[in-house]
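Below is one structure; the comments refer to it alone.
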């Protein structure tokens, strides 16, 4: 078994070493430590190898000195004590050395002292801001421009602009930490799903970002700015708000239940949405608020409400997308088929579509001509009174047309005008019938002109206002056209950017080619959006792609001071 | 076999539980970083307590062997918690970077020490000649005295000083104190073989008496070499603690500062 191994050296195993002693005999290195060893304070205590003992035999008065050297150290020496009772073997003094363990303790204390010194250096004075900064600030809160703003706002306090305790010295830091550990960072809050509060740091945020504290009146618990907006994540733009910041509440049934309760109890006026530019589709807020549980857009985001509620487009304008996009005779302009972009053009910001105007999109086909013999004679659009005034001044309009467009002199123009008006009256019977024909004819129904022997149910040759508009006629007020109201925004709680979707064909999202009624809402469904805006689709599906957290606080809500917790 | 696999299995299970719990909790608990931080600090203090346990050996707090095992595996578990706390990213702030570097250094030195505490005893057992570290100088002195006595005794008997001269020139420094530390740490036998080879070469010049003494002298050289091996290995085994323990206390100091700074600066923040 022991083949090849060295034998255990011969040594006295009975001698007890003290590895925990701080000092060892200086002679240990040479292998001959003294028996007594150094004092606990490291002083050499070497004297002699033993303390002789006086041995008195019975009847003996003088006695003899006996060596007391222990057996472990060689036993009594041969020489024995000196006659005067002193040991004959003096031990040479040494310079005690620290034991290995003591040296390790020394190194440990030195390392600890160095660490504390480094910390004191880093945490004191001008070094602290850079020493404790976990990561660079975003460019929103750093750089020359921010420094200028910060100087004007807070007198150039650096980190204290947000961290109000950072300038209070080491003791102040400790006190601040202790306070925080008892308040906003108390142990229970660390394992809470909703530990946020509006605290002093939020006050710092709101000092510059005013009116950003409000989300909705039915928020059950306030949320700290830093829950969503994470600073110190590195230079560059501020980190995008993660969806988890939203679903932290909107995916929590308890919070949503609390909000639902509040929403039902609070007056509806508190939830009025701040003005959205343009004419928007007015969808009433659900009584329980927007408290559906949502954990991800693709997974459980509810269908857009206008589609879910099957809200029709209440616009009174009569428009048939299918007819215009079919590519037949109707759907061409100058021989080219109509497409979406012919009417729908992006606004200046390229985010939304600009309102469709008659002049830009319709007049090319719907010229509002009432006299086939003079195609250039067209009615004005957009104002009933203007149309009526135009019709009632036809002699003047024809004379003006004759002089401008046909180059006639005044006498010729007057004669031309009389002839044309006479012709129209022959066709329509009277001025009132002409006016009724212009306003009420829709190309299929309406007053019938008497031109060309068309009698009874024959179709009007005039595509009047009623072709596209809802027109009524009363004896007292005459014609009345209901102004069309085409919503520019359908999803008023979300934003959209058409320019960002320019790579996608319109018809991939909007089923316009299949729509023949104005009441059809041609919004894409949530599922259509989620085809791309999902983990699978690859496009961003963060809540902030469409939604904004911050809302204007209704005046009816009292401005409550922020809770001031450390 | 089953018992040997129990600790790694338990550690792997605990690490998986930590990672799983973190993944589940992270979306729900905004202050999960505080939790992982406190867990990490608790683990660090627990691991440090092993050193205190050694100092108060009289207390009936399980055996040192169990403590060492727990210390080792919990230390590895702490590295997982450390990664979770840092979200597997390298910190960039000076305070946090130093703290992370200290933690990494403590961990690496601990792993190195763990490996040494397994490898060195095996090597020493293989070499034989077990002896407590504190006794090595005494035994070394005894060997030197025996070698010198052997050489001196051979002079009158053989009437020659060949062996004595060789001893003075080549073996006296070897016997006078610890030798060949680096060779022993690196596992090299070149120094020993060199000396033995020189003794072998010397034999052609020795008479019968000195020849007999040279054989004994070679045995003493081997014995001294084993002693040097023990000293080098035991010193290495004790020496890595000169890195591990001081770094641990430095890390704890930085960790305490980190806690204070985080609490002072995060009041009200996430």
If eta is 0.890 mPa s and T is 25 °C, what Stokes-Einstein diffusion coefficient results for the range B:133-236, Kirkwood Rh from Cα pairs, in µm²/s? 176 µm²/s
For the peptides A:25-32, A:282-289, what is the packing order when you average, over each peptide's residues, the other Cβ atoms within 10 Å and list the highest mean first? A:25-32, A:282-289
Taking Rh as the Kirkwood radius computed over alpha-carbon pairs of the range A:86-150 and applying Stokes-Einstein at 10 °C with viscosity 1.306 mPa s, one gets a diffusion coefficient in µm² s⁻¹ of 92 µm²/s
Förster radius 35 Å - calculated FRET efficiency between residue B:149 and residue B:190, Cβ distance, rounded to 0.05: 0.80
Using a basic spin-label model with each label point 7 Å from the Cα along Cα→Cβ, how many nm lie between residue A:235 and residue B:19? 3.4 nm
Tell me the mean residue ellipticity at 222 nm calculated for chain B from its helices only (DSSP H runs of n ≥ 4, each -39500 (n - 2.57), averaged over every residue, nearest 500). -27000 deg cm²/dmol
In whole µm²/s, the translational diffusion coefficient that Stokes-Einstein assigns to the protein assembly as shown, given a Kirkwood hydrodynamic radius over C-alpha pairs, 20 °C and 1.002 mPa s, equals 57 µm²/s
By the gyration tensor of its Cα atoms, with a ≥ b ≥ c the square roots of the eigenvalues, what is the shape of chain B: rounded for a/c under 1.5, prolate for a/b over b/c, or oblate? prolate
With a Förster radius of 60 Å, plug the Cβ-Cβ distance of residue A:409 and residue A:492 into 1/(1 + (r/R0)^6) and report the FRET value to the nearest 0.05. 0.55
Percent antiparallel among DSSP beta bridges with both residues in chain A, to the nearest 5? 95 percent
Relative contact order for chain A using alpha-carbon pairs under 8 Å, separation at least 6, rounded to a whole percent? 14 percent
How many partner chain Cβ atoms sit within 10 Å of a residue's Cβ in peptide A:24-35, on average, as a whole number? 3
Can you tell me the convex hull volume per residue for the range B:1-129, based on C-alpha atoms, in Å³ to the nearest whole number? 151 Å³
Ranking B:74, A:132 by Cβ neighbours within 10 Å, fewest first, what do you get? B:74, A:132
Inter-label distance for residue A:385 and residue A:426, nm, one decimal - labels placed 7 Å from Cα along Cα-to-Cβ: 3.6 nm
Counting alpha carbon pairs within less than 8 Å and at least 6 residues apart, what relative contact order, in whole percent, applies to the range B:133-236? 43 percent
Whole-Å distance, taken between Cα centres, linking the range A:55-74 and the range B:157-213: 46 Å
Place a label point 7 angstrom from the Cα of residue B:89 along the Cα-to-Cβ direction, then list the residues of the range A:209-244 whose backbone nitrogen is under 17 Å away. A:226-244
Kindly state, to the nearest 0.05, the FRET efficiency for residue A:103 paired with residue B:176, given R0 = 22 Å and r defined as their beta-carbon distance. 0.45
What does the helix-only formula give at 222 nm for chain A: each DSSP H stretch with n ≥ 4 adding -39500 (n - 2.57), the total divided by the residues, and the result rounded to the nearest 500 deg cm²/dmol? -8500 deg cm²/dmol
Please compute the modelled spin-label separation between residue A:279 and residue A:516, points set 7 Å along Cα→Cβ, answer in nm with one decimal. 2.6 nm
Could you let me know the centre-to-centre spacing of the range A:367-401 and the range A:228-248, using Cα atoms, in angstrom? 61 Å
Distribution of pairwise C-alpha distances over the range A:246-341, 5 Å bins, in %: 2, 10, 13, 13, 16, 12, 9, 7, 7, 6, 4, 2, 0
Report the extension gain between residue A:212 and residue A:193 in nm, rounded to one decimal, defined as 0.36 nm multiplied by the number of residues separating them, less their alpha carbon distance. 4.6 nm
Taking every residue in A:119-130, how many Cβ atoms of other protein chains lie within 10 Å of its Cβ, on average? 2
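No lab work stands behind these numbers, since they all come straight from the coordinates. Values in this document were obtained by computation on a predicted structure and should not be read as measured data. Here Cβ is always computed from backbone atoms with ideal geometry, including for glycine, and neighbour counts include all displayed protein chains.
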